[in-house]
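Working notes for the structure below.
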Amino acid sequence: MTCPVCGTVAVPGARFCHNCGAALPAAATLPAAERRVVTVLFGDLSDFTSWSEDLDPERVGAVTDRVLAALAGAVKTFGGHVDKLTGDGIMAVFGAPVAHEDDAERAVRAALSMQRAVRRVLDDERGGGAPLGLRVGLNTGDVIAGIQAAIEYTVIGDTVNTAARVH
């Protein structure tokens, strides 16, 4: 299902569009949970804790917001779904709620784009001297995708756990 206002692919079970906030038709929601083959992407900033220790929290927040916006932009550009932001990182899914024939390739392309985007943001921030980098882990396999605890759309399963461990 897509949003009738902006055309964004809606998260199954959502009542409002995550892009523009418009109300979504209730009758068009997808099943609450389904088995899917997806590629899960985890990314987080390396050396973030040591970098942020000596900085003003507002600056840390501003840089982190820029980085996370760049990461989410790369995920969306390549047709993925941002599952969650994790402080200094991101979890994204390619293949749910919308599947493409080449979801694994899309995830790899997004990861490469994310690496470049983080470097650009950090170069702007510190003139190229920021000690941070981006670690990325990818894994493809079966998951259960759907609304968890009647709160949010997510994916669960060993595929997710493995992607989290390899990043």
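Every condition in (1) under 13 Å from VAL136 (Cα atoms); (2) part of a loop (DSSP other than H, G, I, E, B) holds for LEU55 except the one numbered (1).
Candidates in region 124-139 are the residues that are open to solvent by 60 Å² or more (accessible area, probe 1.4 Å) and assigned to a helix (DSSP H, G or I); of these, the one that is modelled with the highest pLDDT is ASP124. Filtering ALA104, ALA99 for residues that are more than 17 Å from THR64 (Cα to Cα) and not in a helix (DSSP H, G or I) leaves a single hit, ALA99.
When we screen VAL75, VAL118, VAL160 for residues that are outside any strand (DSSP E or B), open to solvent by less than 20 Å² (accessible area, probe 1.4 Å) and farther than 18 Å from VAL37 by Cα, the only hit is VAL118.
Screening region 26-52 for residues that are modelled with pLDDT under 80 and loosely packed, with under 12 Cβ neighbours inside 10 Å and picking the one that is nearest to LEU138 (Cα to Cα) gives PRO31. Being at pLDDT 95 or above, under 14 Å from the mean Cα position of the chain (by Cα), farther than 22 Å from TYR153 by Cα and of a type in the set (D, E, K, R) is a condition met by at least one residue of region 102-123. From the list ASP142, ASP83, the lone residue that is open to solvent by less than 50 Å² (accessible area, probe 1.4 Å), part of a strand (DSSP E or B) and not β-branched (Val, Ile, Thr) is ASP83. Looking only at residues in region 59-69 that are hydrophobic (A, V, I, L, M, F, W, C) and open to solvent by 30 Å² or more (accessible area, probe 1.4 Å), the one that is modelled with the highest pLDDT is ALA69. Among the criteria (1) open to solvent by 40 Å² or more (accessible area, probe 1.4 Å); (2) more than 22 Å from PHE48 (Cβ to Cβ); (3) in a helix (DSSP H, G or I); (4) modelled with pLDDT under 90, the one ILE147 does not fulfil is (3).
The values are calculated or read from the model by the stated rules, or taken from the named source; none is laboratory data. None of the values given here were measured: they were computed from a predicted structure. With ideal geometry, Cβ positions are generated from the backbone for all residues, glycine too; neighbour counts draw on all protein chains shown. Side chains are part of the model used for accessible areas, which takes the heavy atoms of the whole protein and leaves out ligands, DNA and RNA. Shrake-Rupley method; radii C 1.70, N 1.55, O 1.52, S 1.80 Å.
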